[in-house]
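Visitor: A single structure is presented below for examination.
The values are calculated or read from the model by the stated rules, or taken from the named source; none is laboratory data. Computed from a predicted model, the values in this text were never measured in an experiment. Counting neighbours? That spans all protein chains shown, and the Cβs are built from the backbone with ideal geometry, glycine included. Only protein heavy atoms, including side chains, enter the accessible area calculation; ligands, DNA and RNA are left aside. Shrake-Rupley method; radii C 1.70, N 1.55, O 1.52, S 1.80 Å.
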Amino acid sequence: MIPVAERARTTGREPGDRRGRLPRSRAWPYLVPLLFGLAVWVYGPLLFTGVLSVLDWDLVAADAGFAGTANYARLVTEPEFPAAVARTGLYVAGLLPFATVVPILLAIMLWKRPGRASEMYRALLVLPIMLAPVATAVAWQFILNPLQGVVNAVLGGLGLPRLNWLGDPGTALPVIVLVTAAKVVSLNTLLFGAALAGLDRRGVEAARVDGATEWEVTRFVLVPQLLPTAALLGALCVVLASQWVFTNVAVLTQGGPDGATDNVYYRLYTYGFTFFDVGTASAGAVVIVAALGLIFAGRAALARRRDAAV
């Protein structure tokens, strides 16, 4: 094989154009719009947040004082932020089945029964996704009202005790999870359905001809092919669960009762726009980014080690 540098010297061409690609020296200008967008909308705000995290500023004063690491120390010493981190884990654990298991089952059921009814059901799944999050949360506020809500009216009609669903610390967080799960299940069912759309049905028919039951077809043919999609949607759930529940928390409970529905993103909002403590809010944001960065770096390192072992 001729080395790249030798081939470039003998042909007079720069490296990188063997497969019809542009030479590296000519490709950089095409990356400028992308780099500009990343600088303005991603890394610029990230850097600015890092600067704010070491300042003492209330969003109003003309001058901001230097706080050093005091904002980071406040996150550790005050109990609200660690408690919000723990509740974020509960949100992730509660939403993870609705992001993976339930949508997989629904998507497989719809895929196995193609027809007009299946298409109609898929169209109905779009409705929770299209509804405005705030409007949905306000509707749930009326439905779950402890005095005049539909849910308690049904329970009362059945002779069951009425509950203060959003005012009881024991029920508020599960209710927020269930309210948020409707949209997550709808979106992920459509995504799993898209993954199944590319599946060759002849493999399933061959398994049935060989005597496989419907459970065996689902377990050994369909589910393994959906695992990469499930892994992706599960990772998105881990990263975005707190953002998904943010609107419902802000409208329905405001983090209460007694902080039972608080999470890290609503805690940052409370620091920044309720107490006007921008420094602590920014310090919390930096901690979240660093934690997610460590998680993904560890995941990438494990993947490289596994690939190297193979």
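Visitor: Would you check if there is a residue in region 185-207 being closer than 16 Å to T100 by Cβ, among the β-branched types (V, I, T) and modelled with pLDDT under 90?
Guide: no
Visitor: Inspect region 212-234 for any residue being of a type in the set (D, E), more than 18 Å from the chain's Cα centre (by Cα) and more than 30 Å from A73 (Cα to Cα) and give the result as yes or no.
Guide: Yes, because at least one residue in region 212-234 is of a type in the set (D, E), more than 18 Å from the chain's Cα centre (by Cα) and more than 30 Å from A73 (Cα to Cα).
Visitor: When the residues of region 257-270 are narrowed to those that are touching a Ser or Thr at 6+ places or on another chain (Cβ under 8 Å) and among the hydroxyl-bearing types (S, T, Y), which ends up least open to solvent (accessible area, probe 1.4 Å)?
Guide: Among those that are touching a Ser or Thr at 6+ places or on another chain (Cβ under 8 Å) and among the hydroxyl-bearing types (S, T, Y), it is T261.
Visitor: I need the full set of residues from region 271-310 which are over 17 Å from V76 (Cβ atoms) and open to solvent by less than 60 Å² (accessible area, probe 1.4 Å), in order please.
Guide: Within region 271-310, G272, V278, L292, G293, A297, G298, A300, A301, A303 meet the criteria.
Visitor: Tally the residues that are among the basic types (K, R) and surrounded by fewer than 11 Cβ atoms within 10 Å (Cβ to Cβ), restricting the search to region 108-143.
Guide: Counting residues in region 108-143 that are among the basic types (K, R) and surrounded by fewer than 11 Cβ atoms within 10 Å (Cβ to Cβ) gives 2.
Visitor: Assuming L232 fulfils every condition listed in (1) open to solvent by 30 Å² or more (accessible area, probe 1.4 Å); (2) of a type outside the set (V, I, T); (3) at pLDDT below 85 apart from one, which condition is it?
Guide: That leaves (3) as the condition not met.
Visitor: Is there a residue in region 241-256 that is farther than 30 Å from A172 by Cα, at pLDDT 90 or above and either hydrophobic (A, V, I, L, M, F, W, C) or surrounded by 12 or more Cβ atoms within 10 Å (Cβ to Cβ) (or both)?
Guide: The answer is no, given that none of the residues of region 241-256 is farther than 30 Å from A172 by Cα, at pLDDT 90 or above and either hydrophobic (A, V, I, L, M, F, W, C) or surrounded by 12 or more Cβ atoms within 10 Å (Cβ to Cβ) (or both).
Visitor: Among the residues of region 282-298, is there at least one that is among the aromatic types (F, W, Y) and touching a residue at least 60 places away in the same chain (Cβ under 8 Å)?
Guide: No, that holds for no residue.
Visitor: Only one of V32, V51, V40, V76 is open to solvent by 60 Å² or more (accessible area, probe 1.4 Å), modelled with pLDDT of 80 or more, more than 28 Å from the chain's Cα centre (by Cα) and not aromatic (F, W, Y); which?
Guide: Going through V32, V51, V40, V76 in turn, just one is open to solvent by 60 Å² or more (accessible area, probe 1.4 Å), modelled with pLDDT of 80 or more, more than 28 Å from the chain's Cα centre (by Cα) and not aromatic (F, W, Y): V32.
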